[in-house]
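Since the structure comes first, as structure tokens, the remarks are kept for the end.
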Amino acid sequence: MIPKELFRKIRQIEIRTKGLVRNIFGGEYHSAFKGTGMEFAEVRPYQFGDDIRSIDWNVSARYDETFIKVFEEEREQTVILAVDISGSEDFASVGQYKREMAAEICAVVAFSAIQNNDKVGLLLFSDQVELFVPPKKGKKHVLRLIRDLFAHQKKSNGTNIKVALDHLVRVLHRRSIVLMLSDFMDSDYEPALRAVARRHDTIAVHMVDPVEMDLPDVGLLEVTDAETGQQVLVDTSSHEVREMYVEQALERERTIEMMFRRLRVDRVPIHTDEGYVDPLIRFFRRRNKMA
């Protein structure tokens with residue numbers, strides 16, 4: 001039984017994101033994610049100018065007339081939402097928690113997908129695969145995914161992106177669209193990401209809280225690592241400390257961005273204090289121009 005408060009939240013997410021899909025994202029999604037190939041549609045009589053390589057010799061021999069195969073774009077796609085639910089996702093200095101914003105983004109993409117008759121699946125991970133829901137179609141299925149995003153009680157606060165990527169390699173047997181939503185605060189997962197990116201259209205939705213990029217001057221601050229529980233006392237009034245913090249943050253950003261470029265993984269930076277609508281629109285339109 002879903003608690004009333006959670007049910008209301010899911011209902012609000014459904015109303016808000018379906019409105020965004022109807023008014024903004026539906027067409028953008030369709031244009032950004034083309035079909036993965038061509039599938040056979042029908043045969044028809046040969047006409048002058050048709051490519052002779054398309055002749056269906058078996059049908060032509062049977063009817064004593066030349067027929068050609070007609071193909072159309074294979075529209076149906078499979079979308080996998082791989083969501084980091086580790087401890088660092090339950091954090092917000094301003095704006096929404098990363099995990100809540102990730103859930104809304106997933107809802108927007110999922111409703112856009114079913115509007116286009118695509119299948120949607122869900123992978124929740126921390127330092128282990130916590131939940132995998134195989135892809136299906138339909139509104140009821142999408143609502144189940146949204147419920148799982150909010151209601152799942154995680155087993156660990158740690159992060160292991162490699163574990164999630166290795167799981168996707170094992171379970172996805174046909175080319176899919178993989179959206180990975182994370183702050184990517186992990187290491188040693190590049191080979192696993194390369195393996196996924198070679199087989200699938202892979203997009204990294206990079207969740208960033210503003211305090212992760214710029215430390216505010218608030219004097220002595222006790223900082224707790226959300227994943228390990230380790231506590232550190234930081235003197236944020238020190239200009240040198242804040243400057244070093246920014247330099248390390250920028251270097252981390254550059255390293256992540258360079259890795260995604262090497263692997264040809266699209267990166268969508270989402271700042272929790274700015275919202276996700278504009279970054280997603282820019283991403284879809286950039287994809288449309290490249291198509």
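The values are calculated or read from the model by the stated rules, or taken from the named source; none is laboratory data. Because the structure is a prediction, the values reported are computed rather than measured. Cβ coordinates were reconstructed from backbone atoms using ideal geometry, including for glycine residues, and neighbour counts include every protein chain displayed.
Among all residue pairs at least 6 apart or on different chains, which show Cβ distances below 7 Å where the first residue, located in segment 241-259, is free of Cβ contacts under 8 Å to residues at least 40 places away in the same chain and farther than 13 Å from Asp214 by Cα and the second is outside any helix (DSSP H, G or I) and of a type in the set (D, E, K, R)?
Final answer for the pair search is Glu257/Arg267.
Under 7 Å between Cβ atoms, which residue pairs at least 6 apart in sequence (or on different chains) link something in segment 175-186 that is under 24 Å from Asp209 (Cβ atoms) and assigned by TED's automatic domain parsing to the domain that holds Ser126 with a partner that is of a type outside the set (Asp, Glu) and in a loop (DSSP other than H, G, I, E, B)?
These pairs meet every condition: Val178/His200; Met185/Thr159; Asp186/Thr159; Asp186/Asn160.
Output yes when any residue across segment 77-96 is at pLDDT 85 or above, among the hydroxyl-bearing types (Ser, Thr, Tyr) and either out of contact with any helix residue (DSSP H, G or I) (no Cβ under 7 Å at 6 or more places or on another chain) or outside any helix (DSSP H, G or I) (or both), and no when none is.
Within segment 77-96, one or more residues are at pLDDT 85 or above, among the hydroxyl-bearing types (Ser, Thr, Tyr) and either out of contact with any helix residue (DSSP H, G or I) (no Cβ under 7 Å at 6 or more places or on another chain) or outside any helix (DSSP H, G or I) (or both).
So, in segment 214-248, of the ones that are at pLDDT 70 or above and in contact with a Gly (Cβ under 8 Å, 6 or more places away or on another chain), which residue ends up farthest from Asp84 (Cα to Cα)?
Ser237
Output yes when any residue across segment 255-276 is among the aromatic types (Phe, Trp, Tyr), in the same structural domain as Leu123 (by TED's automatic domain parsing) and at pLDDT below 95, and no when none is.
Looking for residues that are among the aromatic types (Phe, Trp, Tyr), in the same structural domain as Leu123 (by TED's automatic domain parsing) and at pLDDT below 95, one finds at least one in segment 255-276, hence yes.
Working only within segment 113-128, note down all residues that are in contact with an Asp or Glu (Cβ under 9 Å, 6 or more places away or on another chain) and at pLDDT 90 or above.
Just the residues of segment 113-128 that are in contact with an Asp or Glu (Cβ under 9 Å, 6 or more places away or on another chain), to begin with: 116-119, 122-127.
If the condition is that a residue be in contact with an Asp or Glu (Cβ under 9 Å, 6 or more places away or on another chain) and at pLDDT 90 or above, then Asp118, Lys119, Leu122, Leu123, Leu124, Phe125, Ser126, Asp127 are the ones that fit.
Could you tell me whether Val70 is outside any loop (DSSP other than H, G, I, E, B), at pLDDT 80 or above, among the aliphatic types (A, V, I, L, M) and surrounded by fewer than 20 Cβ atoms within 10 Å (Cβ to Cβ)?
Judged against the criteria, Val70 is not a match.
Suppose we keep only residues that are under 22 Å from Val178 (Cα atoms) and touching a strand residue (DSSP E or B) at 6+ places or on another chain (Cβ under 9 Å) within segment 240-260. Which one would you say is surrounded by the most Cβ atoms within 10 Å (Cβ to Cβ)?
Within segment 240-260, the match that is surrounded by the most Cβ atoms within 10 Å (Cβ to Cβ) is Phe260.
Looking at (1) under 23 Å from Gly275 (Cα atoms); (2) surrounded by 16 or more Cβ atoms within 10 Å (Cβ to Cβ); (3) at pLDDT 80 or above, which is the one condition that is false for Ile15?
Looking at each condition in turn, Ile15 falls short on (2).
Is there a residue being closer than 25 Å to Glu251 by Cβ, hydrophobic (A, V, I, L, M, F, W, C), out of contact with any helix residue (DSSP H, G or I) (no Cβ under 8 Å at 6 or more places or on another chain) and surrounded by 23 or more Cβ atoms within 10 Å (Cβ to Cβ) anywhere in segment 180-194?
In the first step, residues of segment 180-194 are kept if they are closer than 25 Å to Glu251 by Cβ; the result is 180-194.
So of that shortlist, the ones also hydrophobic (A, V, I, L, M, F, W, C) come out as 180-181, 184-185, 192-193.
Still in the list and also out of contact with any helix residue (DSSP H, G or I) (no Cβ under 8 Å at 6 or more places or on another chain): none.
Checked segment 180-194: no residue is closer than 25 Å to Glu251 by Cβ, hydrophobic (A, V, I, L, M, F, W, C), out of contact with any helix residue (DSSP H, G or I) (no Cβ under 8 Å at 6 or more places or on another chain) and surrounded by 23 or more Cβ atoms within 10 Å (Cβ to Cβ).
Between a residue in segment 43-59 that is closer than 10 Å to Val70 by Cα and any residue that is part of a loop (DSSP other than H, G, I, E, B), which pairs come within a Cβ distance under 6 Å, given they are 6 or more apart or on different chains?
Cβ pairs passing all conditions: Val43/Asp56.
Just give me the residues in segment 261-280 being loosely packed, with under 14 Cβ neighbours inside 10 Å and farther than 16 Å from Pro210 by Cα, in sequence order.
Listed by number, the residues that qualify are Arg261, Arg262, Arg264, Asp278.
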